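The values are calculated or read from the model by the stated rules, or taken from the named source; none is laboratory data. Treat the numbers as computed from the prediction; the structure is a model and nothing was measured. Here Cβ is always computed from backbone atoms with ideal geometry, including for glycine, and neighbour counts include all displayed protein chains.
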């Protein structure tokens, strides 16, 4: 309501502009609204020119949102130590860089507290490639009672686990997976952080994986 009152006070007539995109004349904008947005197709270079034909001031903004293709941050550890292993159905180590479609396996994450203090409210984040599917064992009733955590959130592409860890203690968490869809995918880093002490964190490094 406050923004509506401000727009009414500051506005003086319609938004009335001509504009070009990369030298090409686009459809003119003439609207009584205080705000107007146009979505542009992604291109390496964008050139926009605007001509204000109205009586009031016009403020233009060109905004772009991007997401890096790969994670460039390196593995790191401190008081928290993090290790990730992948095991096949027989419990043997498995190289996930290249998997056959339909392979079922388990991601095993171990977090160790090497500090002399306890940590509460640790957050473990595992994001999996879109070619892998997560078995939600809460739905099948096969969830392991041996894993001690405060809460676990299992989504389509990630597992978030929240737990406490005493000094010198380690905790292990498992996630059942399947290589479901053929293709090349990026496996993001696994990270663990103390939610109220953000400097206390550990992370692995990401890598490319393939499902054949």
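Based on this model, can you work out whether residue 107 counts as within 23 Å of the chain's Cα centre (by Cα) and modelled with pLDDT of 95 or more? So residue 107 fits the description; yes. Residue 107 fulfils the conditions (1) touching a strand residue (DSSP E or B) at 6+ places or on another chain (Cβ under 9 Å); (2) part of a strand (DSSP E or B); (3) surrounded by fewer than 16 Cβ atoms within 10 Å (Cβ to Cβ) except for a single criterion, (3). With the requirement that a residue be buried (at least 19 other Cβ atoms within 10 Å of the Cβ) and either within 20 Å of the chain's Cα centre (by Cα) or without any contact (Cβ under 8 Å) to a residue 60 or more places away in the chain (or both), what does the range 168-178 give you? Within the range 168-178, 175, 177 qualify. Taken over the range 70-87, the criterion of being farther than 13 Å from residue 170 by Cβ and assigned to a strand (DSSP E or B) is satisfied by 76, 84, 85, 86, 87. The number of residues in the range 56-69 being at pLDDT below 85 and surrounded by 10 or more Cβ atoms within 10 Å (Cβ to Cβ) comes to 1. Scanning the range 146-159 for residues that are part of a strand (DSSP E or B) and loosely packed, with under 15 Cβ neighbours inside 10 Å returns 151, 153, 158. Condition (residue is modelled with pLDDT of 90 or more, under 34 Å from the mean Cα position of the chain (by Cα) and closer than 22 Å to residue 64 by Cα) applied to the range 16-33: is it met by at least one residue? Yes: one or more hits.
Summed over the range 116-133, the residues that are surrounded by 15 or more Cβ atoms within 10 Å (Cβ to Cβ) and either outside the structural domain of residue 154 (by TED's automatic domain parsing) or assigned to a loop (DSSP other than H, G, I, E, B) (or both) give a count of 3. There is at least one residue in the range 133-141 that is more than 25 Å from residue 70 (Cβ to Cβ) and over 25 Å from the mean Cα position of the chain (by Cα).
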